[in-house]
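*Asks:* Before anything else, here's the structure in question.
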Amino acid sequence: MARRAERRLAPARGVLATRVADLLTGTAELTVAGALPARTAAARRADGTLTAIASRGATATALGDGLTALISG
C-alpha cells in the first residue's frame, strides 16, 4: 500500500507544482481574464489530492512499523 502511494506521489507533486507556477506567473493575466478563481480552485484540488496520497502512504508506513515493533517485542 505504501509503495503504491509512493508511485502516485511524484506525479501529484508535479501537478501541484505546475498549478502553483501557473498561478504565480500568470496572476495578472488570469485576473483580467476572470480565470483566477478557477485556477486557484484547481491548485487547491491538486493540494488535496497530494495530501490524501501522502496521508495514505504515511498511514501504511506507520502501521507496518508498529506491527514490526509489536512482533519484535
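*Asks:* Might you check whether a residue that is exposed (fewer than 11 other Cβ atoms within 10 Å of the Cβ) and free of Cβ contacts under 8 Å to residues at least 40 places away in the same chain occurs anywhere in the stretch 44-56? Break it down into steps so the answer makes sense when it comes.
*Replies:* Just the residues of the stretch 44-56 that are exposed (fewer than 11 other Cβ atoms within 10 Å of the Cβ), to begin with: none.
So far as the stretch 44-56 goes, no, none of its residues is exposed (fewer than 11 other Cβ atoms within 10 Å of the Cβ) and free of Cβ contacts under 8 Å to residues at least 40 places away in the same chain.
*Asks:* Mind counting the residues in the stretch 18-34 that are aliphatic (A, V, I, L, M) and surrounded by 13 or more Cβ atoms within 10 Å (Cβ to Cβ)?
*Replies:* Qualifying residue count for the region: 3.
Bear in mind that the values in this text are calculations on the coordinates, not laboratory data. Not measured: the values here are computed from a predicted model. For neighbour counting, all protein chains shown are included, and Cβ atoms are generated from backbone atoms with ideal geometry for every residue, glycine included.
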